[in-house]
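Single-structure report; data block below.
The values are calculated or read from the model by the stated rules, or taken from the named source; none is laboratory data. Only a predicted model underlies this, so the values are computations on that prediction, with no experimental measurement involved. Cβ coordinates were reconstructed from backbone atoms using ideal geometry, including for glycine residues, and neighbour counts include every protein chain displayed.
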Amino acid sequence: MDNEEIKLLLVKYITREADEKETAQVREWVSAHPENEQYFAQLYETWQNMLYLQPGVVNEEKAFDKFALATIPQEAKYVRLKVWSKVAAVVAMFGVLTALLVNHYSQNIQRVRQVSVKNGGIKKIILNDGTIVWLNAGSKLNYSTNFNKTNRTVYLEGEAFFEIAPGKKTIPFLVNTKNYTIRDIGTKFNLKAYPNDSFFETTVVKGEVSVEGNVDNNANEMSRIYVKPQQVLRIFYPKAERYAAKQDDKELKNLNEIQVLQVDSAKLNRYDGWKDDLLVFDGNTLDEISRVLERRYNVKIMMDDTVLQNIRYSGSFKNVASIDKVLELIKGNTAINYAITGNTVNITKNNKN
């Protein structure tokens, strides 16, 4: 492949527009040389970080400077190379590549629409292709004004339930999150990708989806997992301290913990009941429950005791308007006390139980 072809393929691959043949070509190029691998990892990480910028506030010059700084290496890094002309060629190629990626981003970001839901709320929207989306509290959904014309791609931060309209077979429905892309092959699925949660989760109610991304922590290799009806895929992100401690460990690529669960149809409401104002907890820890309650009732929950955080609780709540009623029910079955001051909830251990 010549430089022009490589530039085009890398841009398409990183922006998740490459087909299977192009994907195979990029993987072959990345694995051909350590420098190729290093460049790709830097480009991919920087592109992902750029996606979190707020629409409408992108300064193209600053974005390019930041992108180039992160991706174009200093000459000192390549002292070990024998042929300096090769360094110049590689640096020049990636200088153009960063410009292409920033241009791709800035053109798209200017035409992005965003729907957001504050903590304490739920919103239902209908996209141009007829797809119905329920957005949970504390979530954002971005999509292009060209949605259903040139693409059916949305970008999610938070949680949403998708009921996909049939659409054109030539334009697949894609949901991009910070770490993964969900390609719809069916009709109904729930997707949970809050930035502060320790895991990514998708639940298929009907149809099938594929989850694509660096599942094994190897930025060079984009893996794919298929999730079928009544299955839940949960991917736990590696803890930062574990990642740092194993930078040079051969087991680094295995840090993600992946779970695939088969769920009875009667229990699917544990994963998508929120859109019907139903909260279902099935052996969840109080720490996990507190995150859900914070978003649902727009409060801040303080709970510093580690033992308390790991207490497990099962129960369901339908149309419960206030958090104190939820906590009172939890208190009846667990050893906790709580106090509410404004929007702050303090949960402490009840030593009498």
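Points worth noting:
- Restricting the range 295-335 to residues that are hydrophobic (A, V, I, L, M, F, W, C) and in a loop (DSSP other than H, G, I, E, B) leaves a set whose member that is nearest to the chain's Cα centre (by Cα) is 299.
- Test: residue in the range 279-294 that is surrounded by fewer than 15 Cβ atoms within 10 Å (Cβ to Cβ), touching a residue at least 40 places away in the same chain (Cβ under 8 Å) and either assigned by TED's automatic domain parsing to the domain that holds residue 160 or under 27 Å from the mean Cα position of the chain (by Cα) (or both): no
- Looking across 311, 330, 336, 347, one residue alone is crowded, with 16+ Cβ neighbours inside 10 Å, in contact with a helix residue (DSSP H, G or I) (Cβ under 6 Å, 6 or more places away or on another chain) and of a type in the set (A, V, I, L, M). It is 311.
- The strands (runs of 3 or more DSSP E) found entirely in the range 116-205 that carry 2 or more residues being more than 20 Å from residue 261 (Cα to Cα) and in the same structural domain as residue 229 (by TED's automatic domain parsing) are 123-126, 132-135, 139-144, 152-163, 173-176.
- Residue check for residue 247: at pLDDT 85 or above and outside any helix (DSSP H, G or I): no
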